[in-house]
1. Extension gain residue 308-residue 431, at 0.36 nm per residue separation less the Cα-Cα distance, in nm?
2. Cα gyration tensor of the range 268-416, axes a ≥ b ≥ c as square roots of the eigenvalues: rounded (a/c below 1.5), prolate (a/b > b/c) or oblate?
3. Out of the range 351-402, which trypsin sites (Lys or Arg not before Pro) are coil in DSSP terms and have no more than 12 other C-beta atoms within 10 Å?
4. For the range 266-333: lysine pairs with Cα atoms under 25 Å, gap of 8 or more or different chains, count?
5. Please list the non-local residues whose amide H lies under 5 Å from the amide H of residue 117, H modeled 1.01 Å from N, same-chain partners needing a gap of 5 or more.
6. Taking Cα centroids, how far is the range 324-353 from the range 85-111 in Å?
7. Exactly which GluC sites (Glu not before Pro) in the range 422-458 are in a DSSP loop and have at most 16 other Cβ atoms within 10 Å?
8. Any idea how far apart residue 229 and residue 498 come out in nm if each label point goes 7 Å out from Cα toward Cβ?
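Values quoted throughout were computed directly from the atomic coordinates according to the rules given, and no laboratory measurement underlies them. Everything numeric in this text was worked out from a predicted model, so none of it was measured. With ideal geometry, Cβ positions are generated from the backbone for all residues, glycine too; neighbour counts draw on all protein chains shown.
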Amino acid sequence: MASAKSAVSRAFRFQSRLSNQRVSGSYRLSTRHFHTSRRLDVVKPFLLADIGEGITECQLIQWFVQPGARVEQFDKICEVQSDKASVEITSPFDGVIKKLHYEPDDMAITGKPLVDIDIEGDISEADAAQLGGGGDGSSGNAQDTSQDTKEEPAQEQVEQNSTAEDPAKTPPPSSSEVESQPPMSTELERPQSKHAALATPAVRRITREHGVNVVDIQGTGKDGRVLKEDVDRHVSSRGQQQQPQQQQSRQAAPSSSLSAPREDRKISLSPVQSQMFKTMTKALNIPHFLYSTTADMGAITTMRQKINAKAQTADQKLTHLAFIMKAVSLAFQHHPLLNSSLNASDPKKPELTYKGSHNFGIAIDAPSGLLVPVVKNVQDLSIAEIASAMRQLSEKARNNELAPGDFSGATFTVSNIGAVGGGVVAPVISEPQVAILGIGRSKMVPAFDENDELVKKEELVLSWSADHRVVDGAECARCAEKVRGYLEDPGSLLVGLR
């Protein structure tokens, strides 16, 4: 009998609790969650990481996403341009884009929020750390978990009550409310293709100078990339369309407008120009010792022509620069001082480091500006391998595909100004290197041979600059003459190869 009364009492208490939880035909059902990882309940910022070489800021070239877009792991978010290379940033998580912190052409700061992502589902501690902000806004501790279990029944009650409402009872918006709504922006109506904003910083600077939007230009480059020629074509076509209107306006304009002064334009330096400004400002503090010599390239040219005649493809052909770089590398085995680096951070105790590898930076005149990618371990490469490495770097530079690793570790720089023109040049040393070589354009000049007969000679000017704080003039001259000897006598160059 006692057990029956106890059962009835328990049933009554359960019915009483159930009745108390019944609200407007709905039941509040308490739920409990069990988590193996923290759950994000707020939007988290994704920080711009260091893309290499200690870069502290970079220019945002274009966004591949817009607020509200859903992204998956490894989807491209944006493209940024550092002072050395262009890099595409990808999403490490699945989620929804909530906010973009920068506009195209803005300078994004390393370690600062780049984009806000609404992460879907649970993430681990390591993933939360990548987003930035640590565990702020997460519900991983005991206090937040208890708060969730208290608040979720009330949230479910509101959701059930809202679904129980008759949608027919919702009054339609009044005419005044409809009129007060702002019109949709016409900017959103502009159709944009998948690659509508692909363009290098140099091309974007040209579009700003002409006052045109890069989105309006039909790109003919890779993946629809907008090239300089596309901008010129767009500006030319636009000028032809506006020419009749301009003629009418000129006829109606007073004669005094013809003498109106032209306005000056102010533009910001591109990332490449900004880096050049910083580097060259520091480099001018170096006392430069200049030395130039001429080399007879006749023997090298004859050898190169024979080799290139047997080449099956254009990629197998050799250039003068490949021979020169190998000659410099062999000379550095006898004069290692010019392949060293100077650490003058402590003026009282400067240090000199002799580099074991010959990593030669090659100055390239790219569409985005002067770039200096590096051919690594020249001492271990054949002349054909050097030519192939330079060809690959040049192609990457033209397509704006150079990575930060392509610029690192240079121990010496070669500037082939002869590709543009000119002979003698005074190249500027790039810290912490202690020397640089400038190569002019080879040309045929009259000369006398050993029999005092007038002959034609292919002359090439080699211009050297050395840091006179650690390299004396005689050492620089001896190294330069060693290189000249290798170039004028290819046999000695081949004998010195390993």
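1. Result: 40.6 nm gained on full extension.
2. Details: a/c = 2.02, a/b = 1.35, b/c = 1.49.
Oblate is the answer for the range 268-416, as a/c is 1.5 or above yet b/c matches or exceeds a/b.
3. Values: sites: 355, 376, 391, 396, 398; in loops: 355, 376.
Here no loop site has a sparse enough neighbourhood.
4. Pairs that pass both the separation and distance tests number 6.
5. Close amide H contacts, sequence-distant or interchain: 44, 46, 98.
6. That distance is 39 Å.
7. Qualifying residues, ordered by number: 450, 453.
8. 4.5 nm
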